[in-house]
1. Residues of the stretch 176-227 being over 38 Å from the mean Cα position of the chain (by Cα), of a type in the set (S, T, Y) and either farther than 19 Å from A81 by Cβ or part of a helix (DSSP H, G or I) (or both), which ones?
2. Looking at (1) open to solvent by less than 40 Å² (accessible area, probe 1.4 Å); (2) modelled with pLDDT of 85 or more; (3) under 30 Å from Y354 (Cβ atoms), can you tell me which one L221 breaks?
3. Contact list please: Cβ distance under 6 Å, first residue in the stretch 270-285 and touching a residue at least 24 places away in the same chain (Cβ under 8 Å), second residue part of a loop (DSSP other than H, G, I, E, B) and not polar (S, T, N, Q), pairs at least six apart or on different chains.
4. Which one of the conditions (1) at pLDDT 90 or above; (2) aliphatic (A, V, I, L, M); (3) open to solvent by 10 Å² or more (accessible area, probe 1.4 Å); (4) over 23 Å from G287 (Cβ atoms) does I68 fail to meet, given that it meets all the rest?
5. Could you say whether any residue in the stretch 647-656 is polar (S, T, N, Q), modelled with pLDDT under 90 and within 19 Å of Y476 (Cα to Cα)?
6. Looking at the stretch 661-673 only, could you name the residues that are in contact with a helix residue (DSSP H, G or I) (Cβ under 9 Å, 6 or more places away or on another chain) and either crowded, with 17+ Cβ neighbours inside 10 Å or part of a helix (DSSP H, G or I) (or both)?
7. Just checking, which of L489, L461, L429 is aliphatic (A, V, I, L, M) and over 30 Å from D631 (Cβ atoms)?
Amino acid sequence: MQRKIGKIFSKIQEMLVVQSIRFSLITLIPILMIGSFFLVAASIPLDGYQNVISTWNNGVLLHIFNGIYNATFGMLSMYTAGMVGYHYGNLYGNFYAGRDRNFGHATLMVSLGGYFVLSGVPDVTMDVFGPKGMFTAIVSACIASRLFMWLFRRMHHKTLLTDGADVRLGLSIQTIFPAAITIGFFVVLNMVIQTVFDVSSVYELIIRTLNGMFTYIRGDLWRGLSFVIVSSVLWFFGIHGGNMLDGVSNDILLKATEKNMQLVAQGKEATEILTKQVIDFFVLLGGCGATMCLLVALFIFSKRSNTKQMAKCSAFPMLFNVNEIMVFGFPIIYNATLLIPFLCTPVVCFLITYISMKTGLVPLVTQDVEWTTPIFISGYKATGSLAGSVLQLVNLCVGVLIYAPFVKRYDAEKVRVAKRDYQKLVCKLQESEQTRIPVRLMDDAFTYGWMGKALAADLKLAIEKQELKLYYQPQYHADGTCIGAEALLRWNHAVHGNIYPPLIFQLAEEAGFLEKLEEWVVWKATFDMQMLQKKYADHKLKISVNVTGTTIQLKAFESFLKNLADTCPLHEMGICIEVTEQAALRLDDVQIERFHRIREMGYMLAVDDFSMGSTSIQYLTGSYFDLVKLDGSLVRGTLDNPRCCEIISSIVQLTNSLDMMVLAEYVSDAAIQEKLLELGCELYQGSYFSPPITLSAFEKLLQEN
């Protein structure tokens with residue numbers, strides 16, 4: 001059953017509408033967090049605290065708290081409508097990759113227009129813009145965005161070609177007619193709804209429909225079960241169930257509490273089991289879906305650090321029954337893995353509570369307790385008995401046990417999906433390497449774009465925590481002597497294992513910290529070389545370090561090399577900087593002078609992957625490079641492609657005449673090495689001699705050598 005539901009929701013989650021909803025909720029996490037914390041700050045149920053914030057300096061603190069809440073949670077529906085429209089426009093444009101690209105701002109405007117119309121603006125109160133209007137916001141934004149894009153793609157647009165015309169002005173003018181038709185559609189739709197159903201807005205129709213359902217349900221047991229189930233289903237789809245059923249709470253639940261209080265005041269026994277406090281404090285522990293149970297289950301059973309981090313962010317507001325961060329940020333909504341426990345846990349808690357109070361094990365609720373009162377305290381105050389707190393503890397433990405297997409499954413599913421998306425990311429980069437067409441992995445709005453951003457964040461943290469490693473692939477002379485090694489970066493990720501090395505540098509470049517990463521590699525290799533040089537001073541070792549053509553041209557990187565050279569005896573060491581082919585070098589006077597200064601510091605310079613990609617014979621016109629490394633495709637083709645042999649022979653002769661060394665990479669067997677020697681190449685690196693090895697293994701190799 002879980003697998004079937006998972007497949008259905010996997011297909012649903014691939015829909016652009018659903019993706020736009022989820023992305024908008026992620027975007028709104030700051031609004032949710034700010035609103036949650038200031039709602040809690042204004043609602044802490046302590047009499048002394050409430051007296052201070054409401055009276056000190058004419059209540060300025062309470063005014064500030066409420067003002068921030070009203071600007072965040074109080075406008076949540078409006079933010080949601082705009083963000084759903086914005087993300088839908090961008091996703092739709094990226095998906096079809098045509099003229100519709102970057103239409104998020106247009107869909108944002110029509111989404112807000114449709115939302116305002118269906119909400120009944122201007123004849124509405126401000127609370128329609130808060131969580132109560134979430135359903136209207138989501139539906140109107142989805143319909144408006146989809147209709148607008150459908151109209152735009154089918155309309156003939158005349159391009160502005162006048163002199164000096166702003167392209168953005170032209171695009172804005174092209175959106176006028178589809179936007180006007182879209183908003184007009186909502187105006188007509190709202191008029192029809194008002195006429196047919198005799199309501200002022202769609203919002204009023206939804207409230208009336210949901211609340212009207214409960215007038216036909218008799219008995220506390222069935223009303224309670226219906227309330228819990230409908231509320232949970234609404235929440236699962238991103239709709240504030242509690243607010244949508246506010247009429248039920250006022251007409252049935254609150255009146256039941258008042259009746260119990262009146263009976264107790266008259267010296268009689270309470271009679272009503274189904275009250276608002278029963279739902280809030282004993283059934284919806286921590287908020288919809290009994291998310292307090294999920295919170296505890298995450299801390300106990302989850303193994304993923306980012307999941308626990310989200311749980312930590314949610315913990316404080318949830319202590320006061322504010323769980324929007326967990327619902328929208330975790331997220332719970334549209335999460336097929338958590339659907340079953342999210343719906344079942346409140347039902348089970350309600351049944352336990354109903355039976356406990358029906359049989360007299362726990363007293364009925366006789367006190368109107370503030371909804372932000374923390375668990376256990378609220379149970380005691382509502383019932384006037386410790387049995388109320390014990391009942392909350394029982395429900396909490398049962399809920400944790402219900403959520404536990406699904407939390408474990410959620411972790412496993414997230415790992416599976418992450419590994420799948422990681423493979424997509426690697427395949428995209430490898431495709432770019434084969435076609436030599438540049439790619440921006442993190443710019444993609446879909447799967448591998450988000451995976452790239454997540455990995456880039458992990459990589460930045462790994463650099464700060466010194467979790468990256470350097471492996472060394474030995475380099476040999478034809479006489480069998482180990483002359484040094486190339487330092488190769490390795491990153492063992494907690495989930496994905498050893499990360500594809502080119503991906504590390506690609507993500508660092510796109511995220512803007514490639515220079516920092518390459519500085520760390522140079523520093524670490526130099527540090528390791530210092531240690532080796534003390535033990536093998538007479539060995540004349542050379543350690544090569546890759547640096548991209550982009551970084552080597554930066555003035556800041558030159559300053560880093562200068563500072564490193566001032567602290568290390570580079571002239572006694574062999575640190576060789578290999579300039580890789582990712583970006584062509586700008587060989588102007590400034591860069592040539594920089595190369596000479598770097599060599600004067602004690603570094604050697606090498607051209608990596610010579611003869612392919614962006615590299616050029618122009619690099620050999622100066623006297624700033626010490627070594628040329630042959631491109632791997634040339635080396636691999638020596639046995640079956642005579643032209644590769646001719647090219648290598650020419651390069652060897654040329655570099656010898658220029659007093660430069662030449663080294664062949666990817667030497668995988670004896671036949672290739674012998675052929676290279678025949679062509680005049682005497683320096684090698686590859687699996688035939690040794691794979692990349694750890695520093696300790698490299699030191700052992702030197703001892704044996």
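The values are calculated or read from the model by the stated rules, or taken from the named source; none is laboratory data. Because the structure is predicted, anything quoted here is derived from the model rather than measured. So basically every Cβ, Gly included, is an ideal-geometry build from the backbone, and we count neighbours across all protein chains shown. Accessible surface is based on the protein model in full, side chains and every heavy atom, while ligands, DNA and RNA are left aside. Shrake-Rupley method; radii C 1.70, N 1.55, O 1.52, S 1.80 Å.
1. Selection gives T195, T215, Y216.
2. With (1) open to solvent by less than 40 Å² (accessible area, probe 1.4 Å); (2) modelled with pLDDT of 85 or more; (3) under 30 Å from Y354 (Cβ atoms) applied to L221, the lone miss is (1).
3. Partner pairs satisfying both residue conditions: A270/L364; T275/V365; Q277/V365; Q277/V369; V278/V365; D280/W371.
4. (4)
5. Yes, because at least one residue in the stretch 647-656 is polar (S, T, N, Q), modelled with pLDDT under 90 and within 19 Å of Y476 (Cα to Cα).
6. Just the residues of the stretch 661-673 that are in contact with a helix residue (DSSP H, G or I) (Cβ under 9 Å, 6 or more places away or on another chain), to begin with: 661-662, 664-668, 672.
Matches in the stretch 661-673: M661, V662, A664, E665, Y666, V667, I672.
7. Numbers: L489 fails: over 30 Å from D631 (Cβ atoms); L429 fails: over 30 Å from D631 (Cβ atoms).
Only one candidate qualifies: L461.
Residues are listed down the side, and each one gets a yes or a no for (1) under 30 Å from P438 (Cβ atoms); (2) surrounded by fewer than 18 Cβ atoms within 10 Å (Cβ to Cβ):
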site	(1), (2)
G452	yes, no
E467	yes, yes
E486	yes, no
N492	yes, yes
P501	yes, yes
Q506	yes, no
T526	no, no
Q533	no, no
